[in-house]
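Report on the following structure.
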Amino acid sequence: MTESVGLAVGEQAPDVTATLVRPTGATEPVSLAELVGERPVLLSFYPLDFSPDCIREWCAFRDFEWFASDDHLQVVGASRSSPRIHQEFISRLDLGFPLFADTDLALAEAFGVRYRALGISARARRSCFLLDEDREIRYRWVGEHWLDPTRDVPSMTELASAFREELDVAEADRFGMA
């Protein structure tokens, strides 16, 4: 893919509000400013709950326990699935991460990752953005599969390394990672 998509490192992410589904089942409108006010956010866009690639990606986040055990960072997903489907997805996969229900793709549009699959179906390009407490993008990864950019999956090790490097997390905060 030669076109530039998604917000760039160094840009400030917009303060978008969307419906957030928490692992507890609570559903509420939450802004990005509120989330990054708690701690930095790794915002991960993906197409839909229960697609095989999305299950693989979210199970990787779940199984890569460093993300769940680190209190310096919160992982938050975003897809066009409804809050009800998100609740089922979180429950079935036993996820400890909240998910934005970006049903109108406004959040994906604000980050520049909305596109039409094969020119037909609107969805979010698989991507990850690391946002600091000022909503500055400190790291980004955007899928670039030639036919379907939702097929790429980010490297969990690369994301963890970027987090430690970009947000100056002490080397001791590695949770057993090499």
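Restricting to the stretch 112-150, give me the number of residues that are in a loop (DSSP other than H, G, I, E, B) and modelled with pLDDT of 90 or more.
Number of matching residues: 6.
Of the conditions (1) modelled with pLDDT of 55 or more; (2) in contact with a helix residue (DSSP H, G or I) (Cβ under 7 Å, 6 or more places away or on another chain), Ser44 clears all except one; give me its number.
Among (1) modelled with pLDDT of 55 or more; (2) in contact with a helix residue (DSSP H, G or I) (Cβ under 7 Å, 6 or more places away or on another chain), the lone unmet condition for Ser44 is (2).
So, in the stretch 61-103, of the ones that are out of contact with any strand residue (DSSP E or B) (no Cβ under 9 Å at 6 or more places or on another chain) and either closer than 28 Å to Glu11 by Cβ or part of a strand (DSSP E or B) (or both), which residue ends up modelled with the highest pLDDT?
His72
Need pairs with beta-carbon distance below 9 Å; first residue on the phi > 0 side of the Ramachandran plot and within the stretch 90-103, second in a loop (DSSP other than H, G, I, E, B); sequence gap 6+ or separate chains.
Asp94/Pro23
The values are calculated or read from the model by the stated rules, or taken from the named source; none is laboratory data. This is a predicted model, so every value here is computed, not measured. Glycine also receives a Cβ, built like all others from the backbone with ideal geometry; neighbour counts cover every protein chain displayed.
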